[in-house]
Amino acid sequence: MTETLVCTVLPTYNERDNIGPLVEGVLANAITPHVVLVVDDDSPDGTWQVVESLMARHNTPDTTRVALVRRTAEKGLTSAIQRGIDTAIHTFGAAIVTWMDCDLSMPPEDVPRLVQAVLGGADVAVGSRWVAGGADVAHGRMARTLSWIINAAGVLLIGPQVHDYTSGFIAARAPVLQTIRLRGDYGEYCIDLLGRALRHSYGVVEVPYRCVPRTAGESKTGAHLWDYLAKGRKYVATIWQVRRFTAKSQRRRE
Ligand SMILES: Nc1nc2c(ncn2[C@@H]2O[C@H](COP(=O)(O)OP(=O)(O)O)[C@@H](O)[C@H]2O)c(=O)[nH]1
Ligand SMILES: [Mg+2]
């Protein structure tokens, strides 16, 4: 058991039925001292109330294992994760920060595999559906195909070190996250983060994981072709931006 403090940031909007099993799962599988920090955007379904009861169960006057940031003035996935990262590092002193979706599509049992990769020397570990041992059994054929095309574009235009640029299942060393702040509204932040991490020559490794369907609550993306195309357009634009910026900084260095 190492003394490295890990904080898992869980961004939530209407995840009342998922957050309990997820928090318990992350804590039960922890391989280091671990804080689970939920950043909830004042969910109408009362997700934050469930978190408050988890705090009462797990925290002692000396040890915080579950924490909550309840945002009432701000909304959005990327800013919620960034808020969690800042709190993890500055309030809890986390040396490694991890984050994931809270619909149980990313198994809490896999968090230690990402943490282990960082403890083993990586700067950033990415949970990946698109490497051997990984899979996406959560989405239908249309969504999987679009995701595959976007990620193939990422491999081609950003680099072959990552095969799941839209993963959203990440562990990273605190100094990396102090150098690179998240940008964007939704999943495109992940493409941007990984692209900039590679540009900074940080060590990025992939850890295969199996993405499984959510069983409670609703997806914030929707399930129609139009929802995916709207999201996909932003992803492609971000890949292109990362590519252009990387090419420009390479030219400046030459
Ligand atoms: N705090 C916060 N979390 C959000 C917001 N939108 C989505 N999330 C969370 O982001 C994660 C991914 O959302 P999900 O509904 O599964 O979208 P999908 O995976 O794209 O279908 C889940 O944990 C959501 O609860 C938001 O506006 N604020
Ligand atoms: Mg989801």
>> Here's a check for you: in the stretch 184-220, which residue that is within 18 Å of Ile149 (Cα to Cα) and within 12 Å of ligand 2 (Cβ to nearest atom) is modelled with the highest pLDDT?
In response: Cys211
>> Being within 16 Å of ligand 1 (Cβ to nearest atom) and crowded, with 24+ Cβ neighbours inside 10 Å is true for just one of Gly140, Gly127, Gly154. Which residue is that?
In response: Gly127
>> When you scan the stretch 2-13, do you find a residue that is more than 14 Å from ligand 1 (Cβ to nearest atom) and open to solvent by 60 Å² or more (accessible area, probe 1.4 Å), even just one?
In response: yes
> Is it true that Arg181 is part of a loop (DSSP other than H, G, I, E, B), of a type in the set (D, E, K, R) and either within 23 Å of Val6 (Cα to Cα) or open to solvent by less than 10 Å² (accessible area, probe 1.4 Å) (or both)?
Replying inline: yes
> Can you name every residue in the stretch 190-218 that is under 19 Å from Pro108 (Cβ atoms), surrounded by fewer than 22 Cβ atoms within 10 Å (Cβ to Cβ) and either small (Gly, Ala, Ser) or within 14 Å of ligand 1 (Cβ to nearest atom) (or both)?
Replying inline: Val212, Pro213, Arg214, Thr215, Ala216, Gly217
>> Looking at Ser167, Ser147, Ser79 in this structure, which one is within 16 Å of ligand 2 (Cβ to nearest atom) and either modelled with pLDDT of 95 or more or in a strand (DSSP E or B) (or both)?
In response: Ser167
> Of the numbered conditions (1) farther than 24 Å from Ala94 by Cα; (2) among the hydroxyl-bearing types (Ser, Thr, Tyr); (3) in contact (Cβ under 8 Å) with a residue 60 or more places away in the chain; (4) open to solvent by 50 Å² or more (accessible area, probe 1.4 Å), Thr145 satisfies every one except a single condition; which is it?
Replying inline: (3)
> Taking the stretch 32-61 on its own, how many of its residues are within 22 Å of Asp86 (Cα to Cα) and not in a helix (DSSP H, G or I)?
Replying inline: 13
>> Can you pull out every residue in the stretch 54-78 that is surrounded by 14 or more Cβ atoms within 10 Å (Cβ to Cβ) and free of Cβ contacts under 8 Å to residues at least 40 places away in the same chain?
In response: Leu54, Met55, His58, Asn59, Thr64, Arg65, Ala67, Leu68, Val69, Arg70, Arg71
> Any idea which residue in the stretch 221-235 is nearest to ligand 2 (Cβ to nearest atom), counting only those that are among the small types (Gly, Ala, Ser) and closer than 21 Å to Trp130 by Cα?
Replying inline: Ala223
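The values are calculated or read from the model by the stated rules, or taken from the named source; none is laboratory data. Note that the coordinates shown come from a computational prediction; the quantities given were computed from them, not determined experimentally. Positions of Cβ are generated from backbone atoms using ideal geometry, with glycine treated the same way; all protein chains shown enter the neighbour counts. Just so you know, the surface numbers come from the protein's heavy atoms only, side chains and all, with ligands and any DNA or RNA stripped out. Shrake-Rupley method; radii C 1.70, N 1.55, O 1.52, S 1.80 Å.
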